[in-house]
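One structure is given below, encoded as C-alpha cells.
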Amino acid sequence: MTRAAPTTLRPTTPKEVRDAVLDTPGRLAIAGAGTAADWAGRLDDVDATLDTTGLTGVIAHNPGDMTVSVHAGTPLRDLAGEIGEHRQRLALDAARIPRGATVGGLLATADAGPSALVYGSMRDLVIGTTTVLADGTMVRSGGHVIKNVAGYDMAKLLHGSYGTLGVLVEVVLRLHPVPKATATVAVDGPLTSAAEHTARLVQSPLEPIACEWISGDPGRLLVRLEGGESTLHLRVDRLMELLGDGAHEVDDAVWDEHAALVAGVPGLGDNGLGDNGSRDNGSRDNGSRDNGSRDNGSRDNGTGAGGPAADAAPEGAVLRIGAAPTRLPSLIAELPATAVAAGLGTGVATVTVPGAAVAEAHDAVAAANGTSSLRSRSADLDAPAWGPPPSGLPVLKAIKHKLDPDGRLSPGRFHPWM
Amino acid sequence: MPLDRRIVDEFVGVLGAADVLSDPIKTRTYECDGLTGYRVVPELVLLPRTAEAVAECVKVCARHGVPFVARGAGTGLSGGALPVADGVVIGLNRLNRVLEVDPENRRAVLEPGVTNLEITAAASPFGLYYAPDPSSQQVCTIGGNVAENSGGAHCLKYGFTTNHVLSIEVVLPDGSLVTLGSDSAEQSGPDLRGVFLGSEGTLGITTKITVRLLRTPETMRTLLADFPSVAAGGQVVSDIVSAGIVPAAVEMMDALAIEAAEGATGAGYSLDTPAALVVELDGTAEECDDQFEQVKAICDRHGCTRLHIAGSPEERAAIWRGRKAAFAAVGRISPDYIVQDGVVPRTRLSEVLDKIAEMADDAGLRVANVFHAGDGNLHPLVLYSEADGEVERAEELSSGIAELCVAMGGSLSGEHGIGTDKACSMPTMFGEDDLEAFHRVRTAFDPGDICNPGKLFPTPRLCGERPGKYRPHPLEEQGAIERL
Ligand SMILES: Cc1cc2nc3c(=O)[nH]c(=O)nc-3n(C[C@H](O)[C@H](O)[C@H](O)COP(=O)(O)OP(=O)(O)OC[C@H]3O[C@@H](n4cnc5c(N)ncnc54)[C@H](O)[C@@H]3O)c2cc1C
Ligand SMILES: Cc1cc2nc3c(=O)[nH]c(=O)nc-3n(C[C@H](O)[C@H](O)[C@H](O)COP(=O)(O)OP(=O)(O)OC[C@H]3O[C@@H](n4cnc5c(N)ncnc54)[C@H](O)[C@@H]3O)c2cc1C
C-alpha cells in the first residue's frame with residue numbers, strides 16, 4: 001500500500017485542480033477511488049495527494065450522438081446508471097464490478113474487461129480529454145465527435161499513464177447501445193480444450209463478445225453473445241452446437257466469478273468453479289441490469305476490494321499479462337499460477353502467482369514476446385512491477401520530461417523504468 | 001541551399017546510387033501529394049528497401065540536421081507529404097511485402113508500402129479482411145493510413161486505423177528503431193502507438209505494422225432510400241442508431257451530388273429526390289435480417305419515397321459505385337470545386353446543412369453534399385468557376401464551412417488530416433495551451449525539428465500561402481481511384 005500522504009486535496013472543478021497543482025509545491029499523487037492504488041509500481045513519497053473523487057458528474061450526454069462527457073472522478077457505475085436510462089452504455093465491462101472505479105482511473109490504468117474482444121479498451125472508447133499538466137497547463141484534445149483526426153491524440157498518452165503525465169479532469173466517451181439481449185454459454189474443461197474451442201469459434205461467424213477461460217477444477221470456458229430479442233437464441237443454439245457436448249447456457253452471475261479471479265480473489269468457495277446448478281438457468285434478457293445498476297458490493301473499504309470478494313485478500317501477486325492469443329495457453333501453463341482468467345480471443349490474462357515467482361513470470365512473458373505488469377499484491381511484497389522495458393522507453397522518458405520536467409506527478413509508478 | 005555533396009555521398013553510401021534520386025526531372029514527381037495546390041521540389045528522393053536502410057538514412061539526416069518527409073503513395077489530401085525544399089523525401093514504396101498473415105491470431109504483419117487493399121487480398125483466403133477502407137484503398141499505403149489514421153465508409157461500426165493497429169515498428173527522428181504497441185490488447189505504460197497514429201508523419205517513419213484482421217461477415221445487406229428532405233434522411237440515421245442498430249455504413253447524398261453521380265455512372269439513383277441514403281448492415285444472417293426489417297420500417301416512417309434493396313452483389317456494387325463516384329462526377333456540373341472535410345455531432349447534421357445552404361446563397365455559390373452521415377463527417381463540395389472570378393469567394397466559403405463545423409462542436413477534419421492544408425485553422429479548434437502541449441509531444445520525439453517540419457502546426461509561412469483549387473489526383477484522372 002502507499003503510505004499516507006501529509007495532505008489531501010479534493011478539488012471539485014477543473015479550475016480547482018489547476019490551482020491545486022499550481023499552489024502545491026513538491027510531488028503529487030493522483031488518486032481516483034483507489035481501486036487500483038496497489039497496481040503497478042509503488043508510489044514514492046509524495047508531498048500531497050490529489051483526490052479526484054470530488055470531480056464528478058456528467059457534463060453533457062447527447063443520446064442522439066451516443067457521446068457523453070464526464071468529470072474524470074465520476075465512478076463508472078454512476079455514469080452507467082445515468083446513461084443506462086437511454087439504453088446506452090460504455091462498452092467496458094468494468095461496470096460489472098461495482099467497486100466505484102472512476103472514469104479517469106480506468107483510463108489511467110488502461111483497463112479493460114472481457115468485452116475488449118469486440119469493443120477494445122478505454123483507448124478505443126475515449127474520444128476526447130482535458131488534462132492538467134504538472135505546470136498547470138490545461139490541455140484539451142479530441143472532442144465530441146467519433147471521427148476526428150485534428151491534432152495529436154493525447155487521450156492515448158494518458159491511457160496507461162498511471163497518473164504520471166497529467167491529471168485527467170474531463171473525459172469524452174463514445175457510447176454503444178445496450179444490447180437487447182445477451183447470453184453466456186459455458187463449457188467445462190481445461191485450458192487446452194478451451195483454446196481448441198476458441199480456435200473454432202473465432203473462425204465461425206458467431207461474433208462472440210467475450211471468450212474467457214476461468215481456472216478451477218477442471219476450469220470453464222465462458223462465451224458471451226449479444227443480439228436481438230427474437231434472434232439471439234438462434235445464435236446460442238449454433239454456439240452450443242459448435243462447442244459440443246457439455247455446453248450449456250449459464251446465468252450472467254458467472255461473470256462475477258470471473259471478476260473475482262481478475263482481482264486475484266477467487267472468493268466463491270475453494271475454487272468457485274465447480275457445478276453450480278442454481279446459476280445455470282440461463283436468462284437471455286438482462287437489459288440495463290447488465291449495465292452496472294446491479295450493486296452487489298459495499299463501497300470499497302480502503303483495500304479496494306468490494307463485491308463478492310470483499311473479504312478475501314489477494315493471495316500472492318496478481319499479474320496482468322498479454323501475448324498473441326495462440327501463445328497464451330502455453331505461456332500460462334508455464335507459470336506457477338494459482339488462479340487464472342484468460343481472454344483466449346484477446347490474448348490478455350490475469351493470473352495469480354506466488355509473490356516469489358513474479359520476476360520469473362515477467363521473464364517468461366517477455367520470452368513469449370508478451371507484456372506484463374503487476375497488479376494487486378500484499379503490502380510487504382517486494383517484486384518488480386513491470387517486465388523488461390519496451391524499446392520505446394527513451395521516447396517515453398522524453399515525453400515525461402517535456403510534460404513533467406521536475407518529476408512531480410505520481411513518482412515511482414513506472415519504477416524501475418523511469 | 002543545396003545539400004552538401006558530402007551528405008549526398010553519405011546517402012549514396014547507405015542506399016547505392018540507383019536508389020538516390022537527385023535529377024530534378026525525377027524528383028519533380030514527388031513535388032506534391034493529392035493537395036496539388038502546394039508544390040515543392042525536394043533536393044533528394046531516397047528509396048530504401050529495408051527498415052534498416054530507412055534508419056540509416058534518418059541517421060544521416062539527424063547527423064546533419066537535414067529535414068525529411070516520409071511518403072507512401074502520395075494520395076494524402078492535406079499536403080502531409082509535401083516536401084521541404086532543402087530536405088529529402090523518403091519514399092517507402094519499396095518496402096511493400098506482406099510479411100505474414102497469421103489466421104489463427106487474426107493478424108497480418110506488413111511493410112509500410114503495402115496498399116490497403118492488398119491486406120484484404122492477402123487475408124481473404126482465410127475468410128478474413130482488414131476493416132478500415134479509405135476510398136483510395138487501391139493505392140494508398142498502410143504506412144500512410146497509420147500516419148493519417150485513415151477511415152472509410154465502414155468506420156462507423158468498425159472504427160479507424162488506430163483501432164486496428166496492434167503494433168508498429170518506427171524509425172524515430174534520431175534514427176533509432178523501436179516498437180510501439182504489443183502483440184495483444186494489453187499494453188505496458190502509456191499508449192505511444194496511439195499517439196503516433198494520426199500524427200501525420202511528424203513523429204517518425206513507420207517501417208513495419210501489425211494489424212488486426214476481422215472475420216468476413218456472414219451476411220451483408222445494402223439499401224438505397226430516397227427522402228423528401230435532407231432533414232428527413234438525417235432523422236432516419238438518428239432513429240436507426242436510437243433503435244440500438246449500428247450499421248456497417250450510412251452515407252447520404254443531396255440532390256446536386258446525386259445529379260452528378262447518376263449522370264456519371266447511371267447507378268440507379270433517383271434524379272428527382274432531395275436526398276438519398278445508403279445503409280449497409282452486416283453480421284450474422286439472423287441479426288442482419290432482423291435489423292434490416294427495422295431499418296425499412298424506420299425509413300417508411302420518415303416518408304421514404306423509394307426503397308431500393310440490392311438483390312445481388314452486382315446491385316450492391318452499383319449503389320456503392322454511384323456513391324463513390326460523386327466527387328469526381330461533380331466536375332460534370334461545375335468547372336471547379338473545393339472538397340472540404342469537417343465533422344459535426346450527428347444530431348446537428350440537418351442544422352449544419354441548412355447553415356451551409358444559407359452561407360452558399362450569401363456567397364452566390366452552390367455546394368453539393370456527400371457525406372458519412374453515420375459519423376457526422378461532411379464532405380461539402382464548393383462549386384465555382386475560376387473563369388468567372390469566383391476563386392476567392394469559394395475559398396472563403398470552404399474554410400468558413402470547416403470553421404462552422406468546429407463552432408458546432410465538431411472537428412476540422414474527419415479523415416483527410418490537417419497537414420499543410422488546414423494548419424492555419426488549428427487555432428479555431430485548439431487554444432494556445434493545447435497547441436503548445438502538442439508541440440511538447442512533438443519535440444519529445446523530434447527535438448531537432450527535422451521530421452516533416454511545418455505540418456500540422458500553424459506557421460507564419462504556411463498561413464501566408466493559399467492552397468488553391470481542387471485538382472484531381474493524377475490517379476483519379478486515370479480512373480484508378482475515387483474520392484469519397
Ligand atoms: C478487485 C478489483 C477487481 C477489478 N476487476 C476489473 C475487471 O474485471 N475489469 C475491469 O475492467 N476492471 C477491473 N477492476 C479495475 C478497476 O475498475 C480499475 O483499476 C480502475 O482503473 C480503478 O479506478 P480508480 O478510480 O479506483 O483508480 P485509482 O486506483 O484511484 O488510480 C489508479 C491509477 O490511475 C491514476 N489516476 C486516477 N485518476 C486519475 C485522473 N483523474 N487523472 C490521471 N490519473 C489518474 C492514479 O494516479 C493511479 O496511478 C478491478 C479492480 C479491483 C480492485
Ligand atoms: C481519391 C482519394 C480518396 C480518398 N479517400 C479517403 C478516405 O475515404 N478516407 C481517408 O481517410 N482518406 C482518404 N484519402 C486520403 C489518403 O488516401 C489517405 O490519407 C491515405 O492514408 C494516404 O496514404 P498514402 O500512402 O498515399 O500517404 P501519403 O500521401 O504518401 O502520405 C500521407 C502522410 O503520411 C506520411 N507517411 C506516409 N507514409 C509514412 C510512413 N511509412 N511513416 C510515417 N509517415 C508516413 C506522410 O509524411 C504524409 O504526412 C483519399 C485520397 C484520395 C486521393
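The values are calculated or read from the model by the stated rules, or taken from the named source; none is laboratory data. Given the structure is predicted, the values throughout are model-derived calculations rather than measurements. Counting neighbours? That spans all protein chains shown, and the Cβs are built from the backbone with ideal geometry, glycine included. Calculation scope for accessible area: heavy atoms of the full protein, side chains included, ligands and nucleic acids excluded. Shrake-Rupley method; radii C 1.70, N 1.55, O 1.52, S 1.80 Å.
Remarks
- Angle between chain B longest axis and helix B:5-15 axis [Cα atoms, degrees, rounded to 10]: 70 degrees
- Close Lys-Lys pairs in chain A, where close means Cα under 29 Å and separation is 8 or more or interchain: 12
- Net charge over other residues, Cβ less than 10 angstrom from the Cβ of B:Thr202 (K, R count +1; D, E count -1): -1
- Segment B:397-441 - convex hull of the alpha-carbon atoms, volume per residue in Å³: 82 Å³
- Normalised by residue count, chain A yields a Cα convex hull volume of 132 Å³ per residue.
- FRET efficiency estimate (nearest 0.05) - Cβ-Cβ, A:Ala359 to B:Ala317, R0 56 angstrom: 0.45
- Build a GNM of chain A with springs between Cα atoms under 10 Å apart, and of A:Ala357, A:Ala339, A:Ala155 the one that fluctuates most is A:Ala357.
- Rounded accessible area per residue of chain B, 1.4 Å, Å²: 34 Å²
- The angle separating the long axis of helix B:285-301 from the principal Cα axis of greatest extent in chain B is about 60 degrees.
- Estimated [θ] at 222 nm from DSSP helical runs (n ≥ 4, -39500 (n - 2.57)) normalised by residues in the protein assembly as shown, nearest 500: -8500 deg cm²/dmol
- Computed over segment B:313-469, the quotient of the alpha carbon radius of gyration and 2.2 N^0.38 Å is 1.16.
- Here the relative contact order of chain A, from alpha carbon pairs under 8 Å that lie six or more residues apart, stands at 19 percent.
- Compactness relative to 2.2 N^0.38 Å, alpha carbon Rg of segment B:217-331: 1.01
- The A-B contact accounts for roughly 6400 square angstrom of buried accessible surface, both chains included, probe 1.4 angstrom.
- With a cut-off of 9 Å between beta carbons, the residues surrounding B:Leu277 carry a summed charge of -2, where Lys and Arg count +1 and Asp and Glu -1.
- Exposure rule at most 14 other beta-carbon atoms within 10 Å, DSSP loop GluC sites (Glu not before Pro): chain B longest free segment: B:105-385
- Across peptide A:234-243, the average count of Cβ atoms from other chains found within 10 Å of a residue's Cβ is 1.
- Surface composition of segment A:7-98: carbon and sulfur make up 49 percent of the accessible area, probe 1.4 Å.
- Computed in the context of the full set of protein chains, the accessible area of segment B:98-215 at 1.4 Å probe radius has 49% of its extent on carbon or sulfur.
- Debye, to nearest 20: dipole size of chain B, +1 on Lys, Arg Cβ, -1 on Asp, Glu Cβ: 840 debye
- Relative contact order of segment B:217-331, defined on C-alpha pairs under 8 angstrom at six or more residues apart (%): 44 percent
- The tail of the calculated P(r) for chain B, taken as Cα-Cα distances beyond 42 Å, holds 16 percent of the pairs.
- Two-decimal Rg/Rh across segment A:134-237, once Rg and the Kirkwood Rh are taken from alpha-carbon atoms: 1.15
- An ellipsoid equivalent to the protein assembly as shown, defined through the eigenvalues of its Cα gyration tensor, has semi-axes of 42, 34, 26 Å when rounded to whole angstrom and sorted largest first.
- Nearest 10 degrees, 0 to 90: helix B:51-64 Cα axis against chain B principal axis: 60 degrees
- Cβ neighbours within 10 Å from other chains - mean over B:372-380: 2
- Taken residue by residue and averaged, Cβ atoms of other chains lying within 10 Å of the Cβ of B:105-112 number 2.
- Over chain B, relative contact order from alpha-carbon pairs under 8 Å, at least 6 apart, %: 16 percent
- The per residue volume of the convex hull around the alpha-carbon atoms of segment B:98-215 is 98 Å³.
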